[in-house]
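All remarks here apply to the structure that follows.
Derivation of every value follows stated rules applied to the coordinates shown; laboratory data play no part. Because the structure is a prediction, the values reported are computed rather than measured. When we count neighbours, we look across all protein chains shown, and the Cβ atoms used for this are built from the backbone with ideal geometry, even at glycine.
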Amino acid sequence: MDAFYASIEQRDHPEYRGKPIVVGGSPQGRGGVVATASYEARKFGIRSAMSSKKAVQLCKDVIFIRPRFEVYKEASRRIREIFHRHTDLIEPLSLDEAFLDVTEDKQGIGSAIEIAKQIRQAIKDELQLTASAGVSVSKFVAKIASDMNKPDGLTFIGPSKVEQFMETLPVEKFFGVGKVTAEKMKKMNLHTGADLKKLTEAELTRHFGKPGKFYYKIVRGIDERAVQPHRETKSVGAEDTFSFDLTTQEEMNAELEKIALTVHDRLYRNNLKGRTITLKIKYHDFKQVTRSHSFEQLTSDLEIIEATAKQLLMSTDLDNKKIRLLGISLSNFGDAVSKQKREETDQLKLF
């Protein structure tokens, strides 16, 4: 979907149309985080996960709107219904994104491009929202293609064009290549897929570990991952590597609040709750530690995530320590087990 949350707000509130808006936390006080920015706001350089205070600096007239997650979830449900008219092989990535395998399309259309056109038109007619689609022979290429002509775009990359396309792709566009890895690659004079292709699988693995094997295959257009309708999510999290090392607890807590909001948003998008909250810390010397706390009941509550992460931070040695990365994740998903149910289970075990 195109700027999903912001597009819904502009659809439902005509006074926001054509204006730079941000769905997310207010810039007041310590400030919140941008969840989604409208395309008008993006022209000023405002992006998701940016601090709201930074967004104001980039555009003084930006309008902040509190998220209405129930509305977004209902729109996502209706979009999923449109998908199911064509295929049951749907792998949701979030509320606003999914992979579809249309090898066997239910309507017998026989063209993935035509199916994508019909899906986009149905979303426009029924929800007054726009979607962009990427059509190709693998998940990786289709995902990249879907971002190429946003908003309201459709990009097809056929089998004969895949390898050429991968060669021209900047390394930062490769799945799993974050800022740190991209910087490392560029220092090695690796700027595009064509550059990566010059290295052997052994060389890529030596420099980048297990992901090196993936890079070796994907740059050659080899991606055999199937669309998984019932993919099990083991954990949901977010982390941030800072431009400058954090040295005070106030700085660390402020960053944890931003990361917690991102995690909460991802949990909400996927309708998940977890019992275990884990804090990840990487110090300036690259030493890494994790701390976890498990609850009896499932939770996705933002305040609980924030407070627990801060408590876990306090349980570590912060004296004269500089922190370059913080991360929060939730795991141990499932249905909450009532006390009565646990007692029944325990009794059954006795017999």
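Each label was represented as a point 7 Å from its Cα along the Cα-to-Cβ direction; for S294 and E167 these points are 5.2 nm apart. Relative to its residue count, the chain spans a Cα convex hull of 188 Å³ per residue.
What number, in percent, do you get for the relative contact order of the range 132-202 if the mean sequence gap of Cα pairs under 8 Å and at least 6 apart is divided by its residue count?
24 percent
Suppose a student asked you for the relative contact order of the range 71-122, using Cα pairs under 8 Å spaced at least 6 residues apart; what percent would you report? Intermediate values should be presented prior to the final figure.
Details: 39 pairs, mean separation 15.7, N = 52.
RCO, the range 71-122: 30 percent.
At a threshold of 8 angstrom on Cα-Cα distance, excluding pairs fewer than six apart, so keeping six or more, what relative contact order does the chain reach in percent? For the chain, the relative contact order is 12 percent.
Diffusion coefficient of the range 160-299 by Stokes-Einstein, Kirkwood radius over Cα pairs, 10 °C, 1.306 mPa s: 88 µm²/s.
Which of the peptides 2-11, 130-139 is most tightly packed, and how do the rest follow, going by the mean number of other Cβ atoms within 10 Å of each residue? Write out the running numbers ahead of the final one.
Working: 2-11: 22.7, 130-139: 20.3.
Output ranking for 2-11, 130-139: 2-11, 130-139.
Neighbours of T205 by Cβ distance under 12 Å: Lys/Arg scored +1, Asp/Glu scored -1, total +2.
Given the rule -39500 (n - 2.57) for each run of at least 4 DSSP H residues, summed and divided by the residues of the chain, what is its mean residue ellipticity at 222 nm, to the nearest 500 deg cm²/dmol?
On the way: 14 runs with 143 residues, N = 351.
Rounded to the nearest 500, it is -12000 deg cm²/dmol.
Paramagnetic label reach from D147 (point 7 Å along Cα→Cβ; backbone nitrogen cut-off under 19 Å): within the range 35-59, residues 35-51. Pairs of lysine residues in the range 235-333 that meet both criteria, 8 or more places apart or on different chains and Cα atoms under 25 Å apart, total 19. Residues T155, T248, T233, ranked from the fewest to the most other C-beta atoms within 10 Å, line up as T248, T233, T155.
Shown here is the pair-distance distribution of the range 70-156: with all Cα-Cα distances grouped in 5 Å bins from zero up to the longest one, the shares run 3, 15, 26, 29, 20, 6, 1, 0 percent. When the charge dipole of the range 162-218 is built from unit charges on Cβ atoms (+1 for Lys and Arg, -1 for Asp and Glu) and taken about the Cα centre, the candidate among T200, L169, P211 whose Cα reaches farthest toward its positive end is P211.
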